[in-house]
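Below is one structure, written out as structure tokens, with a few remarks after it.
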Amino acid sequence: MAVYTDVAAEDLAEFLKGYDIGELLSYKGIAEGVENSNFLLHATKGAYILTLYEKRVALDDLPYFLSLMAHLAERGVRCPQPAKNRKGEVYSWLAERPAAIINFLEGVWPRRPNAAHCAGVGEALAKMHLAGRDFPLFRKNTLSVEGWRPLFDLSAPRADSVQPGLRDFIARELDHLETRWPVDLPVGVIHADLFPDNVFFLGDKLSGLIDFPFSCNDILAYDVAICLNAWCFEPDHSFNVTKARALLNAYGRERKLSEAEQEALPLLARGAALRFLLTRLVDFLNVPPGALVKPKDPLEYVRKLRFHQGVESVRDYGLTQPGCVA
Ligand SMILES: Nc1ncnc2c1ncn2[C@@H]1O[C@H](COP(=O)(O)OP(=O)(O)O)[C@@H](O)[C@H]1O
Ligand SMILES: N[C@@H](CCOP(=O)(O)O)C(=O)O
């Protein structure tokens, strides 16, 4: 989260009259995160998160992820629920942005994820994939392979100012992935951004998943690849195979990865690394003046991508027997 758009107290108090959550007691912007403007809100009936959806969220996509949260919660996946206003709507308008209120989820995200956290996220991801099977809405992933070249075109002219040679590095990787991206792997509802800051724990126990604006329909194993990138590297950028094994095994206990999915994992992990490299690069080069946001480091994902480029088989991610989750 971040704060791109400020909200005046009078406007917020007026906005809250449309909801049955009581009077505004206090609110403050949340500096964490990079995508939307978020506020922690205290009202007489409880604590909530107010989100104003910014650049990467299309208005047409709001019903998808807001109703997905309700769908998942009904099937036992712990995640926040959108509050409906008095007209029964899950979002309305504030400060000229679409805005939603969701309930506050207890827990903290792990600053230093360990193997137990990785197992927790693997299990929760698989359960989410299973719970999404009968979700009736469809949303294409605009940040999958077809979306990467437009991001590259936006960032290419200034990419070398971030690191010399970055432009060519990305261009080569994009060519590689565009010609090999799998088309026949199992698809379904994916979270698409299940980073540590989007998974809450109480002690070692996972207490819930947040941040669904990127959720969409895409290759299920691509979601696993996103998590391998987000959870299984150390601060010194080395890959931690113990964490990866814990994540993959826990995932596999709930939803077994097919042989084809396992074989595709190194390529999917390259794609996932490139996706976050590109969005971070675009954001890094285009911080809006006055925004309360700390752009994330694109070069972290260059290093991760280089690691995956050197991966020969899924065994390098901790799986010992292709075709079966150890
Ligand atoms: N439902 C929630 N309950 C409690 N805290 C939340 C909730 N949603 C978001 N937050 C807080 O806001 C931070 C960033 O939220 P996130 O959804 O990742 O932002 P963004 O909209 O930029 O993707 C989280 O790390 C957490 O501290
Ligand atoms: N996870 C993305 C950034 C978007 O997620 P947010 O939850 O931090 O807003 C990344 O790390 O690049």
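The values are calculated or read from the model by the stated rules, or taken from the named source; none is laboratory data. Quantities reported herein were computed from a predicted structural model and do not represent experimental measurements. All Cβ positions, glycine included, derive from the backbone under ideal geometry; neighbour counts span all protein chains shown. SASA here: full protein model, heavy atoms, side chains in, ligands and nucleic acids out. Shrake-Rupley method; radii C 1.70, N 1.55, O 1.52, S 1.80 Å.
Some values worked out for this structure:
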item: Residue that is of a type in the set (Lys, Arg), open to solvent by 40 Å² or more (accessible area, probe 1.4 Å) and modelled with pLDDT of 95 or more, where the choices are Arg303, Arg315, Arg255; result: Arg303
item: Residue in the range 195-208 that is farthest from ligand 1 (Cβ to nearest atom), counting only those that are open to solvent by 10 Å² or more (accessible area, probe 1.4 Å) and over 25 Å from Leu305 (Cβ atoms); result: Asp204
item: Which listed residue is more than 16 Å from ligand 1 (Cβ to nearest atom) and either touching a residue at least 24 places away in the same chain (Cβ under 8 Å) or surrounded by fewer than 21 Cβ atoms within 10 Å (Cβ to Cβ) (or both), from Ala221, Ala192; result: Ala221
item: Any hit, the range 148-156, residues being of a type outside the set (S, T, N, Q) and on the phi > 0 side of the Ramachandran plot; result: no
item: Sole exception among (1) open to solvent by 30 Å² or more (accessible area, probe 1.4 Å); (2) touching a helix residue (DSSP H, G or I) at 6+ places or on another chain (Cβ under 8 Å); (3) of a type in the set (Asp, Glu); (4) more than 16 Å from ligand 1 (Cβ to nearest atom) for Asp211, by number; result: (4)
item: Pro295 being open to solvent by less than 50 Å² (accessible area, probe 1.4 Å) and either within 16 Å of ligand 2 (Cβ to nearest atom) or outside the structural domain of Ala131 (by the TED database) (or both); result: yes
item: Selection within the range 24-39 - more than 15 Å from ligand 2 (Cβ to nearest atom) and out of contact with any helix residue (DSSP H, G or I) (no Cβ under 7 Å at 6 or more places or on another chain); result: Leu25, Ser26, Lys28
item: Identity of the residue in the range 180-189, surrounded by 17 or more Cβ atoms within 10 Å (Cβ to Cβ) and among the aliphatic types (A, V, I, L, M), that ends up farthest from ligand 2 (Cβ to nearest atom); result: Leu185
item: Selection from the range 24-40 of residues that are within 19 Å of Asn198 (Cβ to Cβ) and either among the basic types (Lys, Arg) or surrounded by 17 or more Cβ atoms within 10 Å (Cβ to Cβ) (or both); result: Gly29, Ile30, Gly33, Val34, Glu35, Asn36, Ser37, Asn38, Phe39
item: Any hit, the range 249-260, residues being away from ligand 1 (no atom under 16 Å from the Cβ) and under 26 Å from Phe169 (Cα atoms); result: no
item: Matching residues in the range 58-82 - criterion: being closer than 24 Å to Val3 by Cβ and either of a type in the set (Asp, Glu) or open to solvent by less than 20 Å² (accessible area, probe 1.4 Å) (or both); result: Asp61, Leu62, Phe65, Leu66, Met69, Cys79, Pro80
item: Any chance Leu177 is at pLDDT 95 or above, away from ligand 2 (no atom under 16 Å from the Cβ), assigned to a loop (DSSP other than H, G, I, E, B) and open to solvent by less than 20 Å² (accessible area, probe 1.4 Å); result: no
item: Residue selected from the range 90-132 under the condition surrounded by fewer than 14 Cβ atoms within 10 Å (Cβ to Cβ) and farther than 30 Å from Gly203 by Cβ, by the criterion modelled with the lowest pLDDT; result: Glu96
item: Matching strands (runs of 3 or more DSSP E) fully within the range 17-126 where at least 2 residues are away from ligand 1 (no atom under 11 Å from the Cβ); result: 24-29, 37-43, 92-94, 97-103
